[in-house]
Structures are given as structure tokens and as C-alpha cells.
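Notes follow the structure.
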Amino acid sequence: MTGGPRTLTVPLRRSSTGPELYRGVRVDPLLRAHRGLVVLLAAALPVLTCALLTFARDAITSATAVLILVVLIVAAAATGQRAAALLSAVTAALAFDYFLTQPYFTFTIADPHNLEAAALLLLVGAAVGEIALWGRRQAARASRDQGYLDGVISAAASAARSSSASLVEQVGAQIADVLRVDRVRFDPATRYGGPTVGDDGRIVSSGRPLDVARLGLPTNSTIALPVVGGGRVRGHYLLTASSRVSRPTATQLRVAVLLAQQAGAGLTADALAHDAAGPPDGGGKDSIPATVSTDRSARLPAGGCQADTVKVRRTGTGG
């Protein structure tokens, strides 16, 4: 019995819990959701602390007070928000001047040593805050790199135990997630004339490389990612980034190339097995897919996870 094209829809879910990236920094979703409150507390806590220290002005030195305020600035920077860190440093310096230096309750500083302490508090606080943010950015980058490595390893493992159709589907979803594009579609065509991702991760259009870091991925054309296996092009992943400007890094593009190569290895193995076995009588349903698409534009379902819709269209004969 001959069947027409069949479509398989598979929901891909990504959890929305845990730290996420905001401007390249790992930020807890709860802190980002209450960003205004976090900034307000970062500005208010140094003022409240200096006001309380006025009751022990005779027992603590200016250096001790400065160290206490630096701790508050580091805590503000630990939230992952630069505005909170900088505002905390500014209010700490002003509060130190107002509450803890003579003449008290004015912004005038009579002692040159206290003036130096206030200036150092502002500079050191801002520097420590930036260092804390830099550390969070490095942690975010390490986390991303580990996630990319896990994706490549997962694709390599799937190539050994999955059919070519499911492997191409899985790799397409991973590429969409790595590059943050709207849609990824697999096309078995071996030639494509538009912008193309090279083996080195650079995107070339009309013979010229595109500055993706500055301009982002093209939003008015489809980008082709060749799927190579056994020294041959087995097809292309066609990438669409039309709803927003995506600026993947060189590492992300190279990871996408590696993922596509895993799909190419699976398709090559499937083609070799098909040639060795000869043409099937009724056409297997796990043959190389004609079209695989991943659409990231689906609405958020209940539960706080994003659902990606992956469509696999196969043509051939069915049982």
C-alpha cells in the first residue's frame, strides 16, 4: 500500500528553571524578575549600614567601615547586575562621607585622610564590582562551552544507535538552540547559492565573509549549513533568523558545524547500509528524511518550558 507524505511532530522542551544568561552574565531568573527591587536594595543597604555605624563611630576606624561597605558592594555585584554594583559603590561613598566623616551629616570632608578613604571606597568598590561581574561572565562562558560539548557528545552517541531520521531531527534542534535562530530545516539538496557556513564556522555570502559578530546573522535570507559525511555533501540545514538579530560567536558556529558533521556521519552510515542491503521492497520509514524543520516560535506551554516544534516530512511508501 502506497502512502503519501507523512509528518511527525515532536515537542522539544527546555526547562526555564536555573540560572540564565542576561547580557552574557549568569543571572538567577528570580533576581532578574525583580531587577528594580534588587537595584533599590543595593543602593539602600550601604546607607542603612552607615546610619547604624554612627552608633559605634568611636569604636570602629574608617578602614573598618570601608571594608564593611566593600562587602556590600561585592554582594550587589554578585547579583549579576552592573547597575546594582555601580549604584551600591556610589551610595556607599556618599553615605560614608555623610555619616562617618567630620563634619557629620554633611557632604564636606575636613580630614584629607577621610577624603582619600571615600575616594578609594568609590574606586575600589567599582573595581571589585566589575571583577565580580567578569567572574560571572567567565562562569557563564564555561557553562556554555560545556553545554556545546555535551551536545556534540550526545549527537555522536545518537549517531551510533539512532536512525538517520531521528538523528537529523535531534541535531537540527541542537543547532537551533546553539545559534538561537527561529527555524532550522534540513534539505537533502547538495547545492545552495545563498549565505553558507564554512568548515571553519565563517559565513560566506557571494564570496565575501560576513561580520556576524557585528551585524548578526542575515534576517532577509536563509543561511545554509552543509551536512558533510564520507567526503560528500549529504544535504544542508537551512537556518532562518527573521524575528530577531542573532549574533552567535565563532565558537557557537564551529559547534554547529561539528553537530552537522555528526548528522552527516549518520546519513553516510545509513546510505552505506542501504546500498549493501539493496533497495527495500516497501520502502522503510526510517530512510533519509526529505525535510526536517525545527520551529522555535511556538508559544510557551504551561509549566514554564519552551516547546519547539520539530517537523519531519518523509516521502516514500509505507506499510
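If you average the sequence gap of Cα pairs under 8 Å that are 6 or more apart and divide by the length of segment 34-138, what percent do you get for the contact order?
Details: 134 pairs, mean separation 33.9, N = 105.
Result for segment 34-138 is 32 percent.
Ratio of segment 34-138's C-alpha Rg to 2.2 N^0.38 Å, to two decimals? Walk me through the intermediate numbers first.
Values: Rg = 13.4 Å, N = 105, 2.2 N^0.38 = 12.9 Å.
With N residues counted in segment 34-138, Rg over 2.2 N^0.38 Å equals 1.04.
Counting pairs of alpha carbon atoms under 8 Å apart in space and at least six apart in sequence, what relative contact order in percent does segment 133-272 give? Walk me through the intermediate numbers first.
Details: 233 pairs, mean separation 42.3, N = 140.
Averaging sequence separation for qualifying contacts and normalising by length gives 30 percent for segment 133-272.
Taking 0.36 nm per residue of sequence separation and subtracting the Cα-Cα distance, how much length would be gained by fully extending the chain between ALA250 and ALA127, in nm to one decimal? Present the calculation step by step, with values, prior to reporting the outcome.
Values: separation 123, 0.36 × 123 = 44.28 nm, distance 2.92 nm.
My answer for the length gained is 41.4 nm.
Which order, highest average first, do 51-62, 129-140, 108-119, 261-272 follow once you tally other Cβ atoms within 10 Å for each residue and take the mean per peptide?
On the way: 51-62: 11.8, 129-140: 16.8, 108-119: 14.2, 261-272: 21.7.
Highest mean packing first, the order is 261-272, 129-140, 108-119, 51-62.
Between HIS274 and ARG191, take the C-beta separation as r, use R0 = 30 Å, and let me know the FRET efficiency to the nearest 0.05. If you can, show how the numbers build up before the last one.
Numbers: r = 22 Å, r/R0 = 0.73.
Taking R0 as 30 Å, the efficiency between HIS274 and ARG191 is 0.85.
Efficiency by 1/(1 + (r/R0)^6): what FRET value for LEU48 and GLN146, r their Cβ-Cβ distance, R0 = 45 Å, to the nearest 0.05? Please report the intermediate quantities before stating the final value.
On the way: r = 40 Å, r/R0 = 0.88.
FRET efficiency, LEU48 to GLN146: 0.70.
Please give the contour-minus-distance gain from ASP199 to TYR104: 0.36 nm per residue of separation, less the Cα-Cα distance, rounded to one decimal in nm.
Details: separation 95, 0.36 × 95 = 34.20 nm, distance 6.64 nm.
Length difference between fully extended and current span is 27.6 nm.
Show me 66-73, 194-201 ranked by packing, highest mean number of other Cβ atoms within 10 Å first.
Working: 66-73: 19.6, 194-201: 16.0.
Result, highest mean Cβ count within 10 Å first: 66-73, 194-201.
State the extension gain, in nm to one decimal, for the chain segment bounded by LEU40 and ILE60, taking 0.36 nm per residue of separation less the distance between their alpha-carbons.
On the way: separation 20, 0.36 × 20 = 7.20 nm, distance 2.70 nm.
Extending this stretch completely gives an extra 4.5 nm.
Laboratory data are not the source of any read-out in this text; all were calculated from the coordinates shown. Here the structure is a predicted model, which means the values were calculated and not measured. Because the Cβ atoms are built from the backbone with ideal geometry, glycine has one as well, and the counts that use them run over all protein chains shown.
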